[in-house]
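The values are calculated or read from the model by the stated rules, or taken from the named source; none is laboratory data. Because the structure is predicted, anything quoted here is derived from the model rather than measured. Heads up, the Cβs are rebuilt from the backbone with ideal geometry, glycines too, and the neighbour counts pull from every protein chain shown. Accessible surface is based on the protein model in full, side chains and every heavy atom, while ligands, DNA and RNA are left aside. Shrake-Rupley method; radii C 1.70, N 1.55, O 1.52, S 1.80 Å.
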Amino acid sequence: MTRVAVLADVGQHVYHVGDEAMGLAAADELAGRGFDVVLLSRDPEQTQDGYGHPAVSTLEFPWSPAEREDYLRRIQEHLAGSSSLPESDPALALREQLASVDAVLIAGGGNLNSRYGWLLYERAAVAAIARSLGKPVVVSGQTLGPVLTARDAQTLAEMLQGAQLVGVRESTSARIALELGVEAAHGLDDASFLADPALPDDGGPAVPQDAARPVPRYEAPAGGYVAVTFAPGRDDGFRRGLAAALDQLHAKTQLPAVFIPHMGVPGNIDADAGMHAEIAALMATPAVLVPVVAAREAARLTRGASLVVTTRYHPAVFALSAGVAAVALSVEAYSDARLRGALENWGMADFVLSLPALQQGLLEEALLEAWERRAETAKHLKAVLDSRTRDAGIWWDRVAAVLQADTAAAPNVAGLPGTPGLSPSARLEGRGEWVAAETALRRQFYPQSLLAARLAAEDERVQSFTAPIDRALEQEQAAHQRLAGSRTVQTALGLHSSLSKFRRGRA
């Protein structure tokens, strides 16, 4: 049986629903096609317990651009035989693990950019090690960029060009891939059809409750609800604007807002859960605060909603594949590339709004329209579902064929989501006056946001190289000042002054 190592951002101390969902979905798809799966994780024991597959440690790269570039260079030089890493280096242990598998899958995510450069370089290193061992590499369901320093773009290009198959989840990422010299298949997010959690016969929790782990089962309010997920950050005006929009939506729906966090330490009120508590405290209408739940449960809760409102990516992914209307608010260029891409794949791109739209009251209008048209939206999404299910099946069949190094068994390339994109589908356009206003806002806001982010990334890289020099200079200056102020130096200076006066007197 073919053994495949799967790299996803799993086993993190801070639980991330989307990252875990993509890892779970990839493992499901491969196991369902007869593969043995080995997961690369930051916490192998936790991952093995949660996934039911073997897990081993992945590489962890430094956050500093200079340091991560240097570490990748040293790994590449070791693989090329021009130098050697220390015997204790984790890259050597990972190489031993990868030598025991037949192929490597880099599961989906939004980390192939400079914003999360340490994750980009981790993936580049894993791919390089796999290639040095002659193992096929597949990259699935990715967002590329949109923020990439020149050096990071080169690293990404080398990684993708060395892969046997590359899949991206937005049209913008497909264009970036072409700019990097790679023809990528434009498909869906890996977790689009993540299976619901399995329950025992008595309908109780799937696994025992553990305060240190995500909650396995949470019962949402009966009678319907609006599922809400917001990432932390921004100012008090942002939180007040969201609270006001949800209150106005409740006046129409009479449904409670159920806040489902997608990131946080289980058992803590931090990250998303902290943001949710702050927004709920500003609301005048019913709100339910859900703790951090396991990825499959988060997907199930989201799919059970009457409407989804989010600044995060995967709530929209879970909603759309279940025929649930979603309205997304993207606060900067990176989140817009992902959210707009996700909704665009289902013909719903108009329902992604920009940060200025919240400030100008357009979000409320979009939410009310989405609610009033929810039946029409469900019908639209159901019509798209068959083709999207087929597209995803073709993609994973192709992945399986490449991982088995049996390309002759793969589906016809012309039938894959690739150059022509996903199967054609209808669009459900917004109708309100808010659509034109939002279009004008985004044309101005996102180019500025993207430029600012790219400049910041280049500046961070430069500073990562100059910071050690600056620190060394500061240390030398401090040492000089300490030496100059020491008793020995002061005594020597005093003797020198006295001797100078004595010599002048004799002259």
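Scan around Val6 for amide H atoms under 5 Å from its own, H built in the peptide plane at 1.01 Å from N, and keep only partners 5 or more places away or cross-chain.
Under 5 Å from the amide H of Val6 lie the amide H atoms of Val38, Leu39, Leu40, Leu105, each far enough along the sequence or on another chain.
Would you indicate which of (1) 1.14; (2) 0.98; (3) 0.92 is the value of Cα Rg over 2.2 N^0.38 Å derived from the coordinates of this structure?
Looking at Cα Rg over 2.2 N^0.38 Å for this model, the match is (1).
State, as an integer percentage, the relative contact order of the chain based on alpha-carbon contacts under 8 Å between residues 6 or more apart.
14 percent
How much length is gained if the chain between Gln359 and Leu289 is pulled fully straight, taking 0.36 nm per residue apart and subtracting their Cα-Cα distance, in nm to one decimal?
My answer for the length gained is 22.7 nm.
Report, ordered by chain and residue number, the aspartates and glutamates lying within cross-link reach of Lys252, taken as a straight Cα distance under 15 Å and ignoring same-chain residues fewer than 8 apart.
Answer for Lys252, where 15 Å is the Cα cut-off: Glu364, Glu365, Glu369, Glu372, listed by chain and number.
I'd like the FRET efficiency for Leu495 and Val462, computed as 1/(1 + (r/R0)^6) with the beta carbon distance as r and R0 of 56 Å, rounded to 0.05.
Computed FRET efficiency for Leu495 and Val462: 0.75.
Once you put a point 7 Å from the Cα of Asp235 and another 7 Å from the Cα of Ala281, both along the Cβ direction, what distance in nm separates them?
Between Asp235 and Ala281, the label points sit 1.9 nm apart.
Picking from Val139, Ala157, Val126, whose Cα lies most toward the positive end of the charge dipole for the range 87-203 (charges on Cβ: Lys, Arg +1; Asp, Glu -1)?
The Cα lying farthest towards the positive end belongs to Ala157.
In the range 227-257, whose amide N lies under 20 Å from the spot 7 Å out along Cα-to-Cβ of Glu433? List them in ranges.
245, 248-249
Looking at the range 15-52, which GluC sites (Glu not before Pro) are DSSP coil and have at most 15 other C-beta atoms within 10 Å of their C-beta?
Sites meeting the loop and neighbour criteria: none at all.
Want the number for Ser88 to Ala150: 0.36 nm per residue separation, take away the alpha-carbon distance, what's left?
In short, 19.2 nm is gained.
Please compute the per residue accessible area over the range 1-102 with all protein chains in place, 1.4 Å probe, rounded to a whole number of Å².
44 Å²
How far, in degrees from 0 to 90, does helix 90-99 lean away from the longest principal axis of the Cα atoms of the chain, to the nearest 10?
Taking the Cα atoms of the chain, the angle to 90-99 is about 40 degrees.
Separation of the range 314-390 and the range 480-494 by C-alpha centroid, Å?
Cα centroid of the range 314-390 versus Cα centroid of the range 480-494: 69 Å apart.
Using amide H atoms built in the peptide plane, which far-off residues or other-chain residues are under 5 Å from Val293 H to H?
Val215
Could you work out how much longer the chain between Asp247 and Arg443 gets when fully extended? Use 0.36 nm per residue separation minus the Cα distance between them, nm to one decimal.
67.7 nm
How high is the relative contact order of the range 1-155, in percent, with contacts defined as C-alpha pairs under 8 Å that are six or more residues apart?
25 percent
Residue-wise, which Karplus ³J(HN,Hα) couplings in Hz belong to the range 282-291, taking 6.51 cos²θ - 1.76 cosθ + 1.60, θ = phi - 60°, and x for glycine or proline?
The phi angles translate into 8, 8, 9, 10, x, 9, 10, 9, 8, x Hz.
Relative to the longest principal axis of the chain, what angle (0 to 90°, nearest 10) does the C-alpha long axis of helix 150-161 take?
Helix 150-161 and the main axis of the chain meet at about 50 degrees.
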